[in-house]
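The values are calculated or read from the model by the stated rules, or taken from the named source; none is laboratory data. It should be emphasised that the depicted structure is a prediction, and the values quoted were computed from it without experimental measurement. Here Cβ is always computed from backbone atoms with ideal geometry, including for glycine, and neighbour counts include all displayed protein chains.
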Amino acid sequence: MTNIYNRLSERERRKHLRNNMPSAEVIVWSRLQRRQIHGCKFRRQFSVGPYVLDFYSAELKLAIEIDGDSHFQAGAETYDKARQISIEQLGVKFLRFTNIDVYKNLKGVFESISETIQEMKRDKASAQQTPCVQQQDASPLTKGDKKQ
């Protein structure tokens with residue numbers, strides 16, 4: 001199976017992006033790092049296939065994208081849509097915000113992130129629960145009891 005996460009071929013690009021984060025991403029990263037939201041670990045500038053995501057939680061398969069000016073140029077919407085579909089086919093959920101959202105409604109951005117994380121953790125927990133199988137002779141034996 002081909003490695004699609006954090007490919008070596010994207011290493012320099014990821015490093016460059018980490019070292020040159022736009023201010024809106026720096027603001028969001030300051031709250032995502034060190035498991036500050038519901039204990040969820042995020043990585044910044046994480047690659048999936050040939051694409052680099054702004055923030056990614058492997059535990060939840062959750063991507064958070066902060067769309068700056070470059071996302072509103074000609075052809076960018078088509079590219080972003082194709083990129084998102086490609087990544088979602090791998091089971092990754094997307095949350096998208098604009099720089100303006102971060103600057104003017106930071107509380108709302110983090111409420112949305114928080115609610116999504118809680119919902120995804122609840123869904124993950126309920127999917128992992130297995131129903132108990134009831135047996136006819138389910139009485140537990142205690143020390144000293146003999147099975148008849």
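One line per residue, one yes/no per condition, for (1) touching an Asp or Glu at 6+ places or on another chain (Cβ under 9 Å); (2) at pLDDT 85 or above; (3) more than 17 Å from Met120 (Cα to Cα):
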position	(1), (2), (3)
Met1	no, no, yes
Ala24	yes, yes, yes
Ser47	yes, yes, yes
Ala58	no, yes, no
Tyr79	no, yes, yes
Ile87	no, yes, yes
Condition set surrounded by fewer than 12 Cβ atoms within 10 Å (Cβ to Cβ) and of a type outside the set (Val, Ile, Thr), scope segment 91-104, selection nearest to Pro22 (Cα to Cα): answer is Lys104
Flagged in segment 93-133 as outside any helix (DSSP H, G or I) and at pLDDT 95 or above, in numbering order, are Lys93, Phe94, Leu95, Arg96, Phe97, Thr98, Asn105
The residue that is surrounded by the most Cβ atoms within 10 Å (Cβ to Cβ), considering only those in segment 1-22 that are of a type in the set (D, E, K, R) and touching a residue at least 40 places away in the same chain (Cβ under 8 Å), is Glu10
Flagged pairs (Cβ under 9 angstrom, 6 or more apart or on separate chains; first in segment 46-65, on the phi > 0 side of the Ramachandran plot; second in a strand (DSSP E or B) and surrounded by fewer than 20 Cβ atoms within 10 Å (Cβ to Cβ)) are Gly49/Tyr5; Lys61/Lys93
Of (1) under 13 Å from Ile113 (Cβ atoms); (2) in contact (Cβ under 8 Å) with a residue 60 or more places away in the chain, Leu90 satisfies every one except (1)
